[in-house]
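First the structure, in the form of structure tokens, and then the observations on it.
The values are calculated or read from the model by the stated rules, or taken from the named source; none is laboratory data. A quick note: this is a predicted structure, and the numbers were derived from the prediction, not measured. Every residue, glycine as well, gets a Cβ built from its backbone with ideal geometry; the counts of neighbours run over all protein chains shown.
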Amino acid sequence: MKIKNYCFAGVEYQIIMPEEIMYTDERFLAPFAVETVENPHIFNFDYCEELTQPTGQCVAKKPGFRVYSENGASVRYIGSVEKSWENAYIRAEHKDYNHNVQLKKSQFTDRVGTHTVLSSLAAEHLIAQAGGVVYHCSYIEHNGEAILFTAPSETGKSTQADLWNKYRGAQIINGDRAAIRNVDGKIYACGIPFAGSSKYCKNRTLPLKAVVYLAQAPVTTIKRIKGYRAFSKVWEGVSVNTWDKDDMEKVSTLAKNIVENIPVYYLACIPDESAVIALEKALEGEI
């Protein structure tokens, strides 16, 4: 068996699978590799002819997966499962720190890909249980701090990150997701190995400077928002298991903590340097 260890957003992962099927492309995972782990979530992967059928209650149905509750474990079936679990090609059983992942052999012609591994980790749940949240955003580093741009799809998160890189030399840490954590009363942004179509996926943990909610507009304006409005805009970006009461409570508490301690801005803008200047002035207290 082959073993690989990773750590991100405060959670340790140990991946175990037969050497002949172990993935070799580690573009996204490599930045998070570690030599040793102390208390990892252990994921055992292997091929099977047929996935074990569910025996518990289905608690969630989404386009790409179904979730069942079985004897204290959470079991995910991943694939084209809109009509039936039988169309799944991955079965991932999660219980405490032990995770067993079955891969339907007929759907895999060679080695396991990293996308398959990442989709099997239930990272949004594990990170929530560790006091964090997976967040849809573009994550940049500027002056040693994190700025997160969040918005509905196709609004311009990546564009804003690119503008800050072009005009202010900011580093793009991840163009699609980050994790946010509360560590000893301080809020941090963390790089994670989930990047969608973005080419950026770096392992950096930085103090969170601001969350910026974006909207397209004919002219650029910015204002700080607070209270429920800020909470609702922050909440739009969270990735949480809505069927898991404990996850929901932990993530909603963190979102409230973010709003109370981190500036949240509403930036309606055109995609040029004016958006950078407006946010820069707001961060410096000039607006």
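If a residue has to be in contact (Cβ under 8 Å) with a residue 60 or more places away in the chain, surrounded by fewer than 22 Cβ atoms within 10 Å (Cβ to Cβ) and either more than 18 Å from T150 (Cβ to Cβ) or of a type in the set (A, V, I, L, M, F, W, C) (or both) to count, how many in region 205-226 make the cut?
4
Which one of L208, L126, L163 is touching a helix residue (DSSP H, G or I) at 6+ places or on another chain (Cβ under 8 Å) and in a helix (DSSP H, G or I)? Please lay out each step first, then the result.
Working: L208 fails: in a helix (DSSP H, G or I); L126 fails: touching a helix residue (DSSP H, G or I) at 6+ places or on another chain (Cβ under 8 Å).
It is L163.
If you take the residues of region 14-42 that are touching a residue at least 60 places away in the same chain (Cβ under 8 Å), under 16 Å from L121 (Cα atoms) and out of contact with any helix residue (DSSP H, G or I) (no Cβ under 8 Å at 6 or more places or on another chain), which of them is surrounded by the most Cβ atoms within 10 Å (Cβ to Cβ)?
Within region 14-42, the match that is surrounded by the most Cβ atoms within 10 Å (Cβ to Cβ) is M17.
Suppose we filter T242, T220 for residues that are touching a helix residue (DSSP H, G or I) at 6+ places or on another chain (Cβ under 7 Å), of a type in the set (S, T, Y) and closer than 30 Å to Q57 by Cα; which single one remains? Give the steps one after another, and end with the answer.
Numbers: T220 fails: closer than 30 Å to Q57 by Cα.
Testing whether each residue is touching a helix residue (DSSP H, G or I) at 6+ places or on another chain (Cβ under 7 Å), of a type in the set (S, T, Y) and closer than 30 Å to Q57 by Cα leaves just T242.
Condition test on V276, is it touching a residue at least 60 places away in the same chain (Cβ under 8 Å) and farther than 21 Å from I180 by Cα?
Details: touching a residue at least 60 places away in the same chain (Cβ under 8 Å): yes; farther than 21 Å from I180 by Cα: yes.
Yes.
Filter region 227-258 down to the residues that are not in a helix (DSSP H, G or I) and not hydrophobic (A, V, I, L, M, F, W, C), then identify the one that is surrounded by the fewest Cβ atoms within 10 Å (Cβ to Cβ). Write out each step before concluding.
Here is the first cut: in region 227-258, the residues not in a helix (DSSP H, G or I) are 236-244.
Next cut, not hydrophobic (A, V, I, L, M, F, W, C) only: 236-237, 239, 241-242, 244.
Values: E236: 12, G237: 23, S239: 17, N241: 18, T242: 10, D244: 20.
Only one residue fits best here, namely T242.
Does F231 count as under 30 Å from R27 (Cβ atoms) and either in contact (Cβ under 8 Å) with a residue 12 or more places away in the chain or touching a Leu at 6+ places or on another chain (Cβ under 8 Å) (or both)? I'd like the intermediate steps shown before the answer.
Values: under 30 Å from R27 (Cβ atoms): no; either in contact (Cβ under 8 Å) with a residue 12 or more places away in the chain or touching a Leu at 6+ places or on another chain (Cβ under 8 Å) (or both): yes.
It is false that F231 is under 30 Å from R27 (Cβ atoms) and either in contact (Cβ under 8 Å) with a residue 12 or more places away in the chain or touching a Leu at 6+ places or on another chain (Cβ under 8 Å) (or both).
Inside region 37-79, can you point out the residues that are of a type in the set (K, R) and under 24 Å from Y23 (Cβ atoms)? Before the answer, list the steps.
To start, the set of residues in region 37-79 that are of a type in the set (K, R) comprises 61-62, 66, 76.
Matches in region 37-79: R76 only.
Within region 92-108, does at least one residue satisfy the condition of being part of a loop (DSSP other than H, G, I, E, B), in contact with an Asp or Glu (Cβ under 8 Å, 6 or more places away or on another chain) and closer than 19 Å to I192 by Cβ?
no
Which numbered condition trips up P54, out of (1) modelled with pLDDT of 95 or more; (2) within 24 Å of I3 (Cα to Cα); (3) not in a strand (DSSP E or B)?
Against the list (1) modelled with pLDDT of 95 or more; (2) within 24 Å of I3 (Cα to Cα); (3) not in a strand (DSSP E or B), P54 comes up short only on (2).
Enumerate the pairs (first residue in region 254-273 and of a type in the set (A, V, I, L, M, F, W, C); second residue anywhere and surrounded by fewer than 15 Cβ atoms within 10 Å (Cβ to Cβ) and part of a strand (DSSP E or B)) with beta-carbon separation below 7 Å, excluding pairs fewer than 6 apart on the same chain, so at least 6 apart or on different chains.
These pairs meet every condition: V264/R224; A268/A215; A268/T221.
Look at region 206-247 and say how many of its residues are under 17 Å from the mean Cα position of the chain (by Cα) and hydroxyl-bearing (S, T, Y).
So the count comes out to 2.
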